[in-house]
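Peer 1: Would you mind keeping the following structure in view while I ask a few things?
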Amino acid sequence: MTRAKIIGLGAYAPERILSNHDLEKMVDTTDEWIFSRTGIRERRIAATGEDTSDMCVNAAAMAFESSGLAASDIDLIIAATVTPDYRLPSTSCMIQKKIKAVNSATMDVVAACAGFIHGLSIAQAYIATGVYRNIMIFGAEKLSSITDYEDRNTCVLFGDGAGAAILTAADDDSGILSTYLKSDGNLDRLLHIPGGGTNKPYGANGNYDRKETLLRMSGNEVFKYAVRHMGDASMRVIKDAGLSPDDIDLLVPHQANIRIIKATADRLGMPQEKVFMNIEKFGNTSAASVPLALHDAVQQGRIKKGDLVLSVAFGGGLTWGAAVIRW
Ligand code: ACO
């Protein structure tokens, strides 16, 4: 079966930095609490009028440069986000328009922090079956638009950013070796936005409340499921690729919380030097987190040609997934 390989990566983080010390002035928290419980020091915040698709355009330019492909070569754009520019049209359509990928189909994926891994799995399936050859995946979020900056349980975690990856049919032994996706909709209430959908439309019965359009989370419940499912999903893709945890050169996990990442690595028996983290400077950027981390890892020389990379993510839905890639 033809494998999909990543031939280009791009990343974009907005200019504005929101530090833990800034948050100390907004809610009852401290830099010490945030850093020790999450590993986060600062996160980026998009400008007013800077949409999710605008951040993707910046990430796309870098991905085109590193892949050698042009926008017109792209057959499919997948945009993973829970913070779309509009409810209609899709963010992938907005990206297509802005980067002029005139020959592509488009689709959005709503799988929160696991969105980019969903994109990898979809791209792998389409490339393996020959439906499409060149696929561009974006993981991008303007989480500041759905964050309640009066809620210390959530506002210390989230940041904005975008990552892009270009995949094509592999002509060597590199590429995606295995993927796994899973969801549990029964746990929908653990991480959700109550208002703005058909269940509770804006202004229904004249009771519009902006707070209803912001993210709510049962942090420690989510934490427990994240540790369990990220570990299970990782073990599964490693086995499906015919490997053992020792074979993995680098774990590039969703940057949710340093303690979740460490627990996942422990479960796999992986030493910290095999784990990539950039959570300190970006916080949790949901769907953008994995491509931002992959990009940084490549830039820093932590991923080299031939390396076996494990990526795993978990988020609202609940949704989770993992992938093993030979670089
Ligand atoms: N500053 C100071 N104290 C705080 C803060 C804060 N920012 N936030 C919570 N606390 C307090 C709580 O009120 C609580 O106080 P109490 O004991 O007096 O009630 C105490 O700290 C402990 O609270 P916990 O919620 O038990 O803290 P925990 O160690 O679980 O850390 C955290 C909270 C960081 C949110 C953690 O649970 C976590 O990271 N959860 C997972 C988040 C995640 O991965 N989400 C999924 C992806 S997001 C997406 O899909 C968009």
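Peer 1: Quick one: is Gln272 touching a helix residue (DSSP H, G or I) at 6+ places or on another chain (Cβ under 9 Å), open to solvent by 50 Å² or more (accessible area, probe 1.4 Å), not basic (Lys, Arg) and not assigned by TED's automatic domain parsing to the domain that holds Ala164?
Peer 2: Numbers: touching a helix residue (DSSP H, G or I) at 6+ places or on another chain (Cβ under 9 Å): yes; open to solvent by 50 Å² or more (accessible area, probe 1.4 Å): yes; not basic (Lys, Arg): yes; not assigned by TED's automatic domain parsing to the domain that holds Ala164: yes.
It is true that Gln272 is touching a helix residue (DSSP H, G or I) at 6+ places or on another chain (Cβ under 9 Å), open to solvent by 50 Å² or more (accessible area, probe 1.4 Å), not basic (Lys, Arg) and not assigned by TED's automatic domain parsing to the domain that holds Ala164.
Peer 1: Filter segment 300-327 for residues that are among the polar types (S, T, N, Q) and touching a helix residue (DSSP H, G or I) at 6+ places or on another chain (Cβ under 7 Å); which is farthest from Lys182 (Cα to Cα)? Let's see the steps before the verdict.
Peer 2: Going residue by residue through segment 300-327, those that are among the polar types (S, T, N, Q) are 300, 311, 319.
From what's left, touching a helix residue (DSSP H, G or I) at 6+ places or on another chain (Cβ under 7 Å): 311, 319.
Details: Ser311: 15, Thr319: 6 Å.
Within segment 300-327, the match that is farthest from Lys182 (Cα to Cα) is Ser311.
Peer 1: Of the conditions (1) at positive phi; (2) within 22 Å of the chain's Cα centre (by Cα), Gly196 satisfies every one except a single condition; which number is it?
Peer 2: (2)
Peer 1: Do you know which residues across segment 275-300 are surrounded by fewer than 17 Cβ atoms within 10 Å (Cβ to Cβ) and either aromatic (Phe, Trp, Tyr) or in a helix (DSSP H, G or I) (or both)? Quick ask: steps written out before the conclusion?
Peer 2: Of all residues in segment 275-300, those surrounded by fewer than 17 Cβ atoms within 10 Å (Cβ to Cβ) come to 280, 299-300.
Glu280, Gln299 - these are the residues of segment 275-300 that are surrounded by fewer than 17 Cβ atoms within 10 Å (Cβ to Cβ) and either aromatic (Phe, Trp, Tyr) or in a helix (DSSP H, G or I) (or both).
Peer 1: Residues Lys211, Lys182: which one is open to solvent by 40 Å² or more (accessible area, probe 1.4 Å), under 25 Å from Ser121 (Cα atoms) and not assigned by TED's automatic domain parsing to the domain that holds Ile99?
Peer 2: On the way: Lys211 fails: under 25 Å from Ser121 (Cα atoms).
Going through Lys211, Lys182 in turn, just one is open to solvent by 40 Å² or more (accessible area, probe 1.4 Å), under 25 Å from Ser121 (Cα atoms) and not assigned by TED's automatic domain parsing to the domain that holds Ile99: Lys182.
Peer 1: Is it the case that segment 251-262 has a residue that's surrounded by fewer than 16 Cβ atoms within 10 Å (Cβ to Cβ), away from the ligand (no atom under 12 Å from the Cβ) and farther than 26 Å from Leu18 by Cα?
Peer 2: Scanning segment 251-262 turns up no residue that is surrounded by fewer than 16 Cβ atoms within 10 Å (Cβ to Cβ), away from the ligand (no atom under 12 Å from the Cβ) and farther than 26 Å from Leu18 by Cα.
Peer 1: Which residues, counting only those in segment 257-284, are touching a residue at least 60 places away in the same chain (Cβ under 8 Å) and farther than 22 Å from Ile176 by Cβ? Please lay out each step first, then the result.
Peer 2: Initially, segment 257-284 is screened for residues touching a residue at least 60 places away in the same chain (Cβ under 8 Å), giving 257-259, 261, 277, 279-284.
Those that are touching a residue at least 60 places away in the same chain (Cβ under 8 Å) and farther than 22 Å from Ile176 by Cβ: Asn257, Ile258, Arg259, Met277, Ile279, Glu280, Lys281, Phe282, Gly283, Asn284.
The values are calculated or read from the model by the stated rules, or taken from the named source; none is laboratory data. Please read these numbers as outputs of a predicted model, since none were measured by experiment. For neighbour counting, all protein chains shown are included, and Cβ atoms are generated from backbone atoms with ideal geometry for every residue, glycine included. To get the accessible areas, we keep the full protein, side chains included, count just its heavy atoms, and leave off ligands, DNA and RNA. Shrake-Rupley method; radii C 1.70, N 1.55, O 1.52, S 1.80 Å.
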